[in-house]
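Since the structure comes first, as C-alpha cells, the remarks are kept for the end.
Here, each number is a calculation from the coordinates, and none is a lab measurement. This one's a predicted model, so the numbers in the text were calculated from it and none came from an experiment. Positions of Cβ are backbone-derived with ideal geometry, glycine not excepted, and every protein chain shown enters the neighbour counts.
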C-alpha cells in the first residue's frame, strides 16, 4: 500500500469514528422509544428488531431471520414464541420444506409498527425543530447515503468471511 492509500484509509477511519457514536445514539433512541409513546404494550428492543425484520421480509424463515439479524437461531425462536403468543407474528409451513416455517406479520403487527413509526417521527420532529435549517437540510440530504450505508453494512455482515 502506498502512502496515499494509507492517508486515505486513516481519513476514512477518522470519518467512521466521528459518525459511529452519532449513529449509535440515534439507533438507541429508536430502540428505547416509540413503543410507549405509541401507547402499545412494552416490547423489548430485541423483539422489535425481530418484528421489524419479519415486516420487511414476510415469509422469511427462522434461519434466514437469525442470519440477517446476526443472532443465534435459538434466540430468534425464543423471541418468535413471544411474538406469536402476542398475536404479532404467525407461522405457516414452508411449502418447499414442511419441516420449516415461514414467518408473516399479523395485521396487529402492521398497525402497531405504523403507530411506533409515527411516534418515532414525532420524537424526531420535536428534535429537528431545535436544529437550524441548514442542519435539517444536511440530515435530509444524508438519508439516501445512510440507507446505502445500512445496506453495505448488512451485505458485509452476511458475506462469507475469507
Extending each Cα 7 Å along its Cβ direction at residue 67 and residue 86, get the distance between those two points in nm, one decimal. 2.7 nm
Packing-based exposure ordering (other Cβ within 10 Å, fewest first) of 115, 107: 107, 115
Principal-axis tilt of helix 73-85 within the chain, Cα atoms, nearest 10 degrees: 60 degrees
Considering only 103, 19, 40, give the residue with the highest GNM mean-square fluctuation for the chain, with springs between Cα atoms whenever their separation is below 10 Å. 19
Using the Cα atoms of the stretch 72-162, I'd like the radius of gyration and the largest Cα-Cα distance, Dmax, both in angstrom. 18.9, 56
Starting from the Cα of residue 5, step 7 Å along the direction of its Cβ; do the same at residue 136; then give the gap between the two resulting points in nm. 4.5 nm
What is the calculated FRET efficiency for residue 75 to residue 125, with r their C-beta to C-beta distance and R₀ = 35 Å, to the nearest 0.05? 0.55
Tilt, helix 45-56 to longest principal axis of the chain (alpha-carbon atoms), in degrees rounded to tens, equals 80 degrees
Output the relative contact order of the chain, whole-number percent, from Cα pairs under 8 angstrom with separation of 6+ residues. 21 percent
Among 83, 43, 146: highest mean-square fluctuation, GNM of the chain, C-alpha pairs under 10 Å: 146
With every atom except the alpha carbons ignored, what do you get for Rg and Dmax of the stretch 20-98, in angstroms? 13.9, 44
As I understand it, the value is the acute angle between the Cα axis of helix 107-128 and the longest principal axis of the Cα atoms of the chain; what does it come to in degrees, rounded to 10? 20 degrees
How big is the Cα convex hull of the chain in projection, averaged over all directions, in nm²? 12.8 nm²
